[in-house]
Amino acid sequence: MEPIYQYAWLIPVLPLVGAIFVGLGLISFNKTANALRQLNAVFVVSMLGAAMVLSFVLLWSQVHGHEPFLRTFEWAAAGNFHLTMGYTIDHLTAFMLVIVTTVAFLVMIYTDGYMAHDPGYVRFYAYLSLFSASMLGLVVSVNLVEVYIFWELVGMCSYLLIGFWFDRKAAADACQKAFVVNRVGDFGLLLGILGLYWATGSFDFEVIGDRLQQLITSGTLSVGLASLFGILVFLGPVAKSAQFPLHVWLPDAMEGPTPISALIHAATMVAAGVFLIARMFPVFEGLPVVMSVIAWTGALTALLGATIAITQNDIKKGLAYSTISQLGYMVLAMGVGAYSAGLFHLMTHAYFKAMLFLGSGSVIHGMESVVGHDPALAQDMRLMGGLRKYMPMTALTFLVGCLAISGIPPFAGFWSKDEILEAALTANPLLWIVGWLTAGITAFYMFRMYYATFEGNFRGNESQLRQQLKTESNEMAYAFGPGAMDPKELTLPSPSQTSDHNAHTHSSSPHESPLTMTLPLLILAVPSALIGLLGTPIDNFFEGFIHAPGKAMEVMETAAEFNWTEYLVLASASVGIALVGITLASLMYLRHQIDPKAIADKIQPLYQFSFHKWYFDEFYESVFVRGCRRLARQILEVDYNVVDGAVNLTGFVALLSGEGLKYLESGKAQFYALVIFVALLGFVIVAA
Amino acid sequence: MNTAEFPWLTTIILFPILASFLIPFIPDHEGKTVRWYALGVGLLDFALIVYTFYTQYDFSDSGLQLVESYAWVPQLGLNWSVAADGLSMPLILLTGFITTLATLAAWPVTFKPRLFYFLILAMYGGQIAVFAVQDMLVFFLVWELELIPVYLLLAIWGGKKRLYASTKFILYTAGSSLFILIAALAMAFYGDSITFDMRSLGLKDYSLNFQLLVYGGFLIAYGVKLPIVPLHTWLPDAHGEATAPVHMLLAGILLKMGGYALIRMNVEMLPEAHVYFAPALIILGVVNIIYAALTSFAQRNLKRKIAYSSISHMGFVLIGIACFTDLGLSGAVLQMVSHGMIGASLFFLVGATYDRTHTLILDEMGGVAKKMPKVFAMWTTCSLASLALPGMSGFVAELMVFVGLATSDAYNPTFKVLVLFLAAVGVILTPIYLLSMLREIFYGPENKELTDHEVLVDAEPREIFIIASLMVPVIGIGLYPKMLTQIYDAKTLQLVARGRELVPTLTRPNTSVKIAEGIKFVEQPTQAPAIPSLEASK
C-alpha cells in the first residue's frame, strides 16, 4: 500500500492541474477553449475522478488499519524558525477526502446539464476544479498554517463562484460580502494561530494541545488566555461554517449557480469549519470555556437557521438557512465533545444536502423555461407547486432528502442527528431541548418546502403573482443592497437584474431535467437514504473508525455499556417531534386545513422577525457597513484638509514670505548692514 | 580576463546610463526604434544582473560582496564604492526586472519618445546605484539624482495636475533628503577620523544622543520616501498624475528605497538608537496600515486608491523592521520585493484600464467585465495578490511579519497584543477596499454611459505578458517562499543578531509576569540554537 501513500499528494494536485490547463486555455486561446465545451468538462471531471479513485483506495487502506501517513518538507525558514508543509493521511483525512471527491464528482457531472447554455460553461469548470483542489488541500493539511492557507483559498474560490454571474448586481454584492465576512473570521483565526504559536512554539495540532495543557497545569499560562486563543481560532469556523453571528454571508451566497451552492455552500467548504474544530480537538477539549462557547454557538445557530427557514419563499434561501441550522448541529456536537457524532452528521448532511440543493437546481432549471432567467421568479416557491407531475425524479429524490434531514428512520439524518442529541443531553439538558425543538422545526420547514414545490397546482403561469413578486424583489434590492455607496444606484432602472433572456420563455409547463442532472440526484439518494446505517447504535462502525485522537478506549467502553431503554426514549422523542412537524406542514400546505397566513397575521411581530432574518442584515448594514464608510470618508477628509493642508500651507507661507521679502531687497548696503546689526543685537540679548 | 576582478556592479549601473546618451543619435520615427532600443538595453542589463548574481555571488555569505572601490575625489575622501549584500541584492534584481517591464509598459508613449526613454534608462542606472553604493556622500548624490528623471517624467508626461504634483514631489523629497546630507556629514565628521565609507561609519562608536538625533534625521528622509503617515501626501498626488510606466517605477522601486535605506542606515549603523525608536516604528507601521486602508476605501479615484493601498502595505515593512526577530526582518524584505511586483502590476493595470475607459473615477465605470474579460481576470488576480491571498508572495510576507512580531521577546505582551490586533484589522480592511473597487469597475450591469462612448477592447498580448511576468514570481514565492528568503537570509540573520544584543534595555518585565515566564518556559527548546550564536557574536 505504501506507493499509494507516496503519491497521495496527487489528490489535490490532479484537480489543480485540470484547473490550470483549462484556465490557461481560456486566457491564451479564449475562443477555441470556449468552443471545446464538453472536452474541457471531460478533462476536468476525469482528473477529479482519478483523485476520487485514489481517495477510495486510501479510505479502504485506512479502514483496514494502515498506519497514518505523514510527509513534510520545509516551506519557509528564517533563522531558527522553520515552517513545514506537507500532507497527512489518517482516518479523518481519508474520510473527508472521500466525501469531498464524491460530492465534487457528482456536482461536476450535474453541472454539464445545468450550465449547458451558459456562455461561462468552461470557466465554471475551471473554477470548480480549482475549488476542489483547494478543498482537498485543506483536508490533507498537516498544521495550522497550511490549514489557514487553504482556508483562504477555498474562500477565494467561493468568492469567484458566487460572483460567477458578474453582471448581476446581487451576485456582485454577495461575493464581496462572503469574502469580507470570511475575512473577519480569518482575522480571529490568524490571531488565534499567532497566540497559540507564541504560547507553545508550534503549529501542529497535537503538539499545541499537549504543550498548552502542560503550560496550564504548571500555571505559566492562565486558562483565561488559553481560552481566548481557543475562541479566536474558533472565529474561523464561525465564519466559514456560517455560525451566529457571522452567518449572514451564506444566504446571500445563493446568488451563485446552484451546483456550487450544493458543493461549496452545503457539502464541503462550509463543513470545513467543523473539520477544523475536529482537527483542533486536542487543543479545545482541555479548555471547558471554549467547548461551551462552541456548543452554545452551535445550538443558537441551529435554532436561528431553523426559525428563519420557516418563512423564506426563495427555495435556495430556505435551503441555505437549513444548512446554517444543520451546521449548528455539527458545531454543537463538537462543543459537547461528541467528536464522531459531529463528523457523522457532517457526512450524512454532505450527501443529503448536496442532493437537496441539486434538486432545487433541477427545479429552478425547470422553472426557468416557464418564467425566464430571473432568480426572483424562478426560485420563488410561491410560483411553483405541483412539480411532481412534471419532474418525478427530482420530486422523488427531494422527498428522500426531506425525510433524511427531518430525521425519519432509517434515513441517514436520523442516525447522526440522534447521536448528537444524545450527547447534548448528557452535556446539558438545555442544549438538548434547543436541538430537539430545532429538529421539529426542521421537519416542518422541509416539508413546507416539499409541499409548496411539488404538490398542489402549478402556479407559475399566474401573471399577476409574477408581477407582484417582481415589484417585491425590486423593493428588497433597494432596501438591503450593500452597495449603497454608489449614488447612481437609485437611478438605475432595475437593480434586480432581469437579464435580457427574460422575454423568451419557451413553454407554459416546466420539464424534467436532462439525465446528467437527474443521474447525480439518483446516485446521491443512495447514501442519503442508507449511509446512516454505518453508525447505528447496534454496530457503530463509524465511531470505531472516526474517533477523537486518543479516545479509542473510551469508544469501546461506551459501546459496551449501551443503554437500550434510554436510547429508545430519546429516539422516539426526536422522531415524534419530527412527525409533529411533518403533520403540521401537511395540514397547512398540503390539505390547506390551517391557513398559514392567518397564523402569520396573528403573530405579526414574530413573523416579521423571522422573515427579516432576525434583522441581522439591517443591523450590520447600519452599524458596520455604514460606520466603516463614514469613518473612511472622515479620515480621507482629514487627510485632505489637515495633513495635506499643512503641507500646502507651508508652501503657501513660503510663497507669501518670499513675495513679502522681495520688497526689502532694496540693494542699499546700509540697509543690509542695519538688518545684520539688529539681528546680532538680538542674538546677544537672547544669549545673555 | 579574471571574472572575479571585473567591475560587475559598476558596469550594471553605468551601462544603461551610457546607453541612454546614445538615444539622440538613433535614427527614429515616432519612437518606434527607440523603444526597441530601450527595451533591449533594459533586457541586457537585467540579464547581466542575473548572470552576475548567479555566478559571482555567494548566498550564504552575509558580508558585502562584489566590492569595488575607486577614489573619485581624493581631496574629499570621496570614493566610488559599490557592493551588494543580502539586503541590496534582491532589490537590485527587482529594479532590473521592474524597469525592464516598465519599458515594455511604455509602448504606447508617443509624446517626446526620445526624452522619455532617455529618462527611463537614466533612472535604471540611478536606481540600482542607490541600492549598491557604499559611500554615504555618493549615496546622497544618487538619491538626489534619481529624483530628477522622476520629476521630469511627472512634469512632462503626467495628467492634468502634473505641475502641482511634480513640484510637490520634488520639494517634498528634495527637502527631506537634506536631512540625509546633514546626518551623513555629522556621522562622517564624528570622532577622530573623517570617512564617508558606510562600513567604517557603521563601526564608529557614536554616543547615544548623537545616534538618536541622526536616526531621527534619517527617519524623516526615508519616512517621506517609504512613505510613513503623515509624510505621505506627495504620493497620492504624484501617483495620481503619473503615467503607467512611471507609476510602476514609483510604486515598484522608489518606495523600496525608503525601506532599504531605513534598514541599511538606521538599523545597521545606528543599532542603539534603533532600540529606542523601534516601538515608534511599530506604532507608525500600524497607523500606516489602518489609516491608509481607510483613506483608500473612501477614495473615488482609482489611481489614488491604489496609491493609498501602497502606503498601507508599507506599514508591514515598518513593523517587520522593528520586530527584532529573524522572521520579522525577513518578512519586511520580502514585503518590499513582493509589493514591488504587486504594486507595479496594479498600477500597470490602472494605466491599461485608463487607456480604454478614459476615466479614473469609479462612479463613471461599472460592469465593464463583459467587454473586457481578460482585463477583469488580470485585475482579479492582482487584487487577490494585493490582499495577501495565500499562494502569493504578499501573504507570506505578512505572515512572516505577524509571526515575527508575535514571537518577538523585545516587547511586552500587552503592546504586542494591541499591535497584532490592529494590524490584523488591516487584514479585514484590505479586501474591503480592493473588492469594492473590483465590484465598482467590473461587476454589475454595464454602465451604458461609458460603453456608449468608449470602445472597450480586451487586453492585448503585450499587456497579458507584462502581468504574467509579474505574477509568475509572485505566485512562485507564494508557493515556495524559501526560494527567495534563502538568498538574503544570511544578511537578515546577522543584522537581527546584532540588534538583539542591545535589546535587553527594552525588555521591561512588567504587567503579566506569569506570561513572560511562560514564554521562556516554552521558548527554550525552540530558541536554543540562537542563544549560543548570540553569545558567540558578543
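Rundown of residues vs (1) in contact with a Phe, Trp or Tyr (Cβ under 9 Å, 6 or more places away or on another chain); (2) at pLDDT 90 or above; (3) surrounded by fewer than 23 Cβ atoms within 10 Å (Cβ to Cβ), yes/no style:
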site	(1), (2), (3)
A:Ala267	yes, no, no
A:Ala272	yes, yes, no
A:Phe275	no, yes, no
A:Gly286	no, no, yes
A:Ser292	no, yes, yes
A:Trp296	no, yes, yes
A:Leu300	yes, yes, yes
A:Leu304	yes, yes, no
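Any idea which of (1) of a type outside the set (Phe, Trp, Tyr); (2) touching a residue at least 12 places away in the same chain (Cβ under 8 Å); (3) within 11 Å of chain B (Cβ to nearest Cβ); (4) surrounded by fewer than 23 Cβ atoms within 10 Å (Cβ to Cβ) is the one A:Gln213 doesn't satisfy?
The number of the failed condition is (3).
Can you list the helices (runs of 4 or more DSSP H) lying wholly within the range B:202-298 that have 3 or more residues being β-branched (Val, Ile, Thr) and over 16 Å from the mean Cα position of the chain (by Cα)?
On the way: elements: B:208-225, B:234-241, B:244-249, B:255-261, B:271-298.
Hits in the range B:202-298: B:271-298.
Select from the range B:459-475 the residues that are among the charged types (D, E, K, R) and either surrounded by 15 or more Cβ atoms within 10 Å (Cβ to Cβ) or more than 35 Å from the chain's Cα centre (by Cα) (or both) and list them in ascending order.
Going through the range B:459-475, the residues among the charged types (D, E, K, R) turn out to be B:460, B:462-463.
B:Glu463, the sole residue that qualifies.
Between B:His239, B:His247, which is under 16 Å from B:Met123 (Cα atoms), of a type outside the set (Gly, Ala, Ser) and either free of Cβ contacts under 8 Å to residues at least 60 places away in the same chain or more than 13 Å from chain A (Cβ to nearest Cβ) (or both)? So that I can check it myself, show each step before the final result.
On the way: B:His239 fails: under 16 Å from B:Met123 (Cα atoms).
B:His247 is the lone residue from the list that is under 16 Å from B:Met123 (Cα atoms), of a type outside the set (Gly, Ala, Ser) and either free of Cβ contacts under 8 Å to residues at least 60 places away in the same chain or more than 13 Å from chain A (Cβ to nearest Cβ) (or both).
Within the range A:78-90, can one find any residue that is touching an Asp or Glu at 6+ places or on another chain (Cβ under 8 Å) and surrounded by 24 or more Cβ atoms within 10 Å (Cβ to Cβ)?
Yes, there is a match, as at least one residue in the range A:78-90 is touching an Asp or Glu at 6+ places or on another chain (Cβ under 8 Å) and surrounded by 24 or more Cβ atoms within 10 Å (Cβ to Cβ).
What number of residues in the range A:595-623 are closer than 24 Å to A:Leu383 by Cα and either surrounded by 14 or more Cβ atoms within 10 Å (Cβ to Cβ) or touching an Asp or Glu at 6+ places or on another chain (Cβ under 8 Å) (or both)?
Count: 8.
Counting only residues that are of a type in the set (Ser, Thr, Tyr) and in contact with a Gly (Cβ under 6 Å, 6 or more places away or on another chain), which one in the range B:325-365 is nearest to the other protein chains (Cβ to nearest Cβ)? Show your work before the answer.
Residues of the range B:325-365 of a type in the set (Ser, Thr, Tyr): B:325, B:330, B:338, B:345, B:353-354, B:357, B:359.
Pick out the ones that are also in contact with a Gly (Cβ under 6 Å, 6 or more places away or on another chain) and you get B:325, B:338.
Numbers: B:Thr325: 8, B:Ser338: 13 Å.
Here the residue is B:Thr325.
How many residues does the range A:113-134 hold that are assigned to a helix (DSSP H, G or I), more than 27 Å from B:Ile477 (Cα to Cα) and within 10 Å of chain B (Cβ to nearest Cβ)?
Summing the residues that are assigned to a helix (DSSP H, G or I), more than 27 Å from B:Ile477 (Cα to Cα) and within 10 Å of chain B (Cβ to nearest Cβ) in the range A:113-134 gives 0.
Could you pull out the residue among A:Ser227, A:Ser218 that is at the interface with another protein chain (Cβ under 10 Å from one of its Cβ atoms), hydroxyl-bearing (Ser, Thr, Tyr) and surrounded by fewer than 23 Cβ atoms within 10 Å (Cβ to Cβ)?
Values: A:Ser227 fails: at the interface with another protein chain (Cβ under 10 Å from one of its Cβ atoms).
Of A:Ser227, A:Ser218, the one residue that is at the interface with another protein chain (Cβ under 10 Å from one of its Cβ atoms), hydroxyl-bearing (Ser, Thr, Tyr) and surrounded by fewer than 23 Cβ atoms within 10 Å (Cβ to Cβ) is A:Ser218.
Just checking, how many residues over the range A:50-85 are at pLDDT 90 or above and among the small types (Gly, Ala, Ser)?
Total meeting the criteria: 3.
So B:Val368 passes all but one of these: (1) crowded, with 23+ Cβ neighbours inside 10 Å; (2) in a helix (DSSP H, G or I); (3) more than 8 Å from chain A (Cβ to nearest Cβ). Which condition number does it fail?
For B:Val368, the exception is condition (2).
Looking at the range A:67-103, which of the residues that are within 9 Å of chain B (Cβ to nearest Cβ), without any contact (Cβ under 8 Å) to a residue 60 or more places away in the chain and among the aliphatic types (A, V, I, L, M) is farthest from A:Met517 (Cα to Cα)?
Across the range A:67-103, the extreme among qualifying residues is A:Ala78.
I'm trying to understand the selection: among the residues of the range B:387-444, which are on the phi > 0 side of the Ramachandran plot, crowded, with 24+ Cβ neighbours inside 10 Å and at the interface with chain A (Cβ under 8 Å from one of its Cβ atoms)?
Start the filter on the range B:387-444 by keeping residues that are on the phi > 0 side of the Ramachandran plot, which leaves B:388, B:391, B:444.
The next check asks that each one be crowded, with 24+ Cβ neighbours inside 10 Å; those that pass are B:388, B:444.
Matches in the range B:387-444: B:Gly444 only.
Yes/no matrix, rows are residues, columns are (1) in contact with an Asp or Glu (Cβ under 7 Å, 6 or more places away or on another chain); (2) more than 22 Å from A:Leu153 (Cβ to Cβ); (3) within 13 Å of chain B (Cβ to nearest Cβ):
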position: A:Pro3; (1), (2), (3): no, yes, no
position: A:Trp9; (1), (2), (3): no, no, no
position: A:Pro12; (1), (2), (3): no, no, yes
position: A:Ile20; (1), (2), (3): no, no, yes
position: A:Val42; (1), (2), (3): no, yes, no
position: A:Ser46; (1), (2), (3): no, yes, no
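Could you run through the range A:396-421 and say how many residues are surrounded by fewer than 24 Cβ atoms within 10 Å (Cβ to Cβ) and in contact with an Asp or Glu (Cβ under 9 Å, 6 or more places away or on another chain)?
1
Taking interchain pairs and intrachain pairs at least six residues apart, which have beta carbon atoms under 7 angstrom, with the first residue in the range A:274-289 and closer than 21 Å to A:Ser141 by Cα and the second outside any helix (DSSP H, G or I)?
A:Val274/A:Ser241; A:Phe281/A:Ala548; A:Phe281/A:Pro549; A:Pro282/A:Pro549; A:Glu285/A:Gly337
Out of A:Gly137, A:Gly185, which single residue is crowded, with 24+ Cβ neighbours inside 10 Å, of a type in the set (Gly, Ala, Ser), in contact with a strand residue (DSSP E or B) (Cβ under 9 Å, 6 or more places away or on another chain) and within 14 Å of chain B (Cβ to nearest Cβ)? Can you show your working first?
On the way: A:Gly185 fails: in contact with a strand residue (DSSP E or B) (Cβ under 9 Å, 6 or more places away or on another chain).
The conditions single out A:Gly137.
Conditions tested, residue by residue: (1) among the aromatic types (Phe, Trp, Tyr); (2) under 23 Å from B:Val337 (Cβ atoms).
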{"position": "B:Ile13", "(1), (2)": "no, yes"}
{"position": "B:Leu18", "(1), (2)": "no, no"}
{"position": "B:Ile26", "(1), (2)": "no, no"}
{"position": "B:Tyr37", "(1), (2)": "yes, no"}
{"position": "B:Leu43", "(1), (2)": "no, yes"}
{"position": "B:Tyr54", "(1), (2)": "yes, yes"}
{"position": "B:Phe59", "(1), (2)": "yes, yes"}
{"position": "B:Ile98", "(1), (2)": "no, yes"}
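The values are calculated or read from the model by the stated rules, or taken from the named source; none is laboratory data. Just so it is clear, the model here is predicted, and its values are computed rather than measured. So basically every Cβ, Gly included, is an ideal-geometry build from the backbone, and we count neighbours across all protein chains shown.
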